[in-house]
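Everything below concerns the one structure shown next.
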Amino acid sequence: MPKMTFIERDGSRREVDAPVGLSVLEIAHKHDIDLEGACEGSLACATCHVIVDPEWAGKLSEPTDDEEDMLDLAFGLEQTSRLGCQIVMTEDLNGLTVQLPKAG
């Protein structure tokens, strides 16, 4: 099973199992990681905003216009910011690392 790493707000790293087909948001919830996802992955908010490690950013599909619009609402936006509900785990993403943005 693929694994991924979350860098939590305090800087600690958590490597977790990341089942293929689940979104980063779903994986976070499965492992009690503090990633809100208020709209439950319906692309109607930016509360699942994560910062993708630059090494991995180019391996993801490009964000849709809808995702870009929602990201405009996110706090602490970075060059590699994405919505966790829009990144779906695949075998090719084994080792993916994302950081939770610092609280505002």
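The values are calculated or read from the model by the stated rules, or taken from the named source; none is laboratory data. Being a predicted model, the structure only gives us computed values, none of them experimental. Note: ideal-geometry Cβ built from the backbone for every residue, glycine included; neighbour counts use all protein chains shown. Accessible surface areas use protein heavy atoms only, side chains included; no ligands, DNA or RNA. Shrake-Rupley method; radii C 1.70, N 1.55, O 1.52, S 1.80 Å.
Quick notes
- Contour excess over end-to-end distance, with Cα ends at ASP92 and ASP53 and 0.36 nm allotted per residue: 12.5 nm
- Within region 67-102: backbone nitrogen closer than 15 Å to the GLU36 label point (7 Å, Cα to C-beta): 70-77, 83-85, 100-102
- Taking the protein heavy atoms of region 1-97 in the context of the full set of protein chains, the accessible area attributed to carbon and sulfur is 44 percent at 1.4 Å.
- As a rough guide to protection, the peptides 10-22, 88-100 ranked by mean Cβ packing within 10 Å, highest first, stand as 88-100, 10-22.
- Global form of region 1-97, assessed from the alpha-carbon gyration tensor, a/c cut-off 1.5: rounded
- Contact order for the chain, expressed relative to its length and based on alpha carbon pairs under 8 Å spaced 6+ residues apart, stands at 40 percent.
- Every helix of 4 or more DSSP H residues in the chain counts as -39500 (n - 2.57), and over all residues that averages to -4000 deg cm²/dmol at 222 nm.
- Residues of region 69-104 with amide N under 20 Å of the 7 Å Cα→Cβ point at GLU15: 89-100
- Taking Cα centre as origin and charging only the Cβ of basic (Lys, Arg, +1) and acidic (Asp, Glu, -1) residues, the dipole magnitude of the chain rounds to 380 debye.
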